[in-house]
Amino acid sequence: TARPPAVRLRPPPRRRRLLTVIIAIFLLVLFLPSLVTLGAEWPWFQALGYGRVFATQLLAKGLLGVAVGGVAFAFLYGNLRFAQRGAVPEPMVLRFSRDAQGLDVTRLLRRLALPTSLGVALLGSRQFPHCWPATFRGVALWSCVVPPPSSPYWLKPQQ
């Protein structure tokens, strides 16, 4: 069976520029709060003489974000590619009119797996370094609420 003609997925140069501007604005909005915080906290830590502490904290958050983003990307992209594996005997093609070219949805979803995984991983890696102290506090709080089995409170029945 011959494949149906597919719609060209690459946008024209004018739309490509618009798409680039929209992505740049999105990234600016995503990272602007961090840049403002960095611009406010860096001089303050330097004035107190704790510039090295701030740099270490910044490096730790950055490395944690990169690690979480890498793991999230590998997990998401691997799952999407695994779900889309194999040949599709009858690709899903949308036609909006009888004379219009068909849109190969199966091929489009395969092409969107990489940018979707990158976008979700970027968002996850961007947020995780800010919430990991709360995660560890929650684990520490839970260990304080539930006594370990070696605790004398665990061995004695409450009266």
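The values are calculated or read from the model by the stated rules, or taken from the named source; none is laboratory data. Not measured: the values here are computed from a predicted model. Here the Cβ is made from the backbone with ideal geometry for all residues, glycine too, and neighbour counts use every protein chain on show. Heavy atoms of the whole protein, side chains included, go into the accessibility calculation; ligands, DNA and RNA do not. Shrake-Rupley method; radii C 1.70, N 1.55, O 1.52, S 1.80 Å.
Figures for the structure shown
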{"read-out": "Residue satisfying all of: in segment 57-81; open to solvent by 80 Å² or more (accessible area, probe 1.4 Å) and β-branched (Val, Ile, Thr); farthest from LEU38 (Cα to Cα) among these", "value": "VAL71"}
{"read-out": "Residue count, segment 66-105 (criterion: in contact with a strand residue (DSSP E or B) (Cβ under 8 Å, 6 or more places away or on another chain) and either outside any loop (DSSP other than H, G, I, E, B) or within 24 Å of PHE128 (Cβ to Cβ) (or both))", "value": "6"}
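A quick yes/no check of all residues on (1) in contact with a Ser or Thr (Cβ under 7 Å, 6 or more places away or on another chain); (2) in contact (Cβ under 8 Å) with a residue 60 or more places away in the chain; (3) charged (D, E, K, R):
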{"site": "ILE23", "(1), (2), (3)": "no, no, no"}
{"site": "ALA40", "(1), (2), (3)": "no, no, no"}
{"site": "PRO43", "(1), (2), (3)": "no, no, no"}
{"site": "GLN46", "(1), (2), (3)": "no, no, no"}
{"site": "LEU59", "(1), (2), (3)": "no, no, no"}
{"site": "VAL68", "(1), (2), (3)": "yes, yes, no"}
{"site": "LEU76", "(1), (2), (3)": "yes, no, no"}
{"site": "PHE82", "(1), (2), (3)": "no, no, no"}
{"site": "ALA87", "(1), (2), (3)": "no, no, no"}
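One line per residue, one yes/no per condition, for (1) surrounded by 13 or more Cβ atoms within 10 Å (Cβ to Cβ); (2) modelled with pLDDT under 70:
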{"residue": "GLU90", "(1), (2)": "no, no"}
{"residue": "SER97", "(1), (2)": "no, no"}
{"residue": "ARG111", "(1), (2)": "no, no"}
{"residue": "GLY124", "(1), (2)": "yes, no"}
{"residue": "PRO133", "(1), (2)": "no, yes"}
{"residue": "ARG137", "(1), (2)": "no, yes"}
{"residue": "PRO148", "(1), (2)": "no, yes"}
{"residue": "LEU155", "(1), (2)": "no, yes"}
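So that you can scan it fast, the table gives a plain yes or no per residue for (1) at pLDDT 90 or above; (2) of a type in the set (A, V, I, L, M, F, W, C); (3) open to solvent by 70 Å² or more (accessible area, probe 1.4 Å); (4) in a helix (DSSP H, G or I):
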residue: ARG16; (1), (2), (3), (4): no, no, yes, yes
residue: VAL21; (1), (2), (3), (4): yes, yes, yes, yes
residue: PRO33; (1), (2), (3), (4): no, no, yes, yes
residue: THR37; (1), (2), (3), (4): no, no, no, yes
residue: ALA47; (1), (2), (3), (4): yes, yes, yes, yes
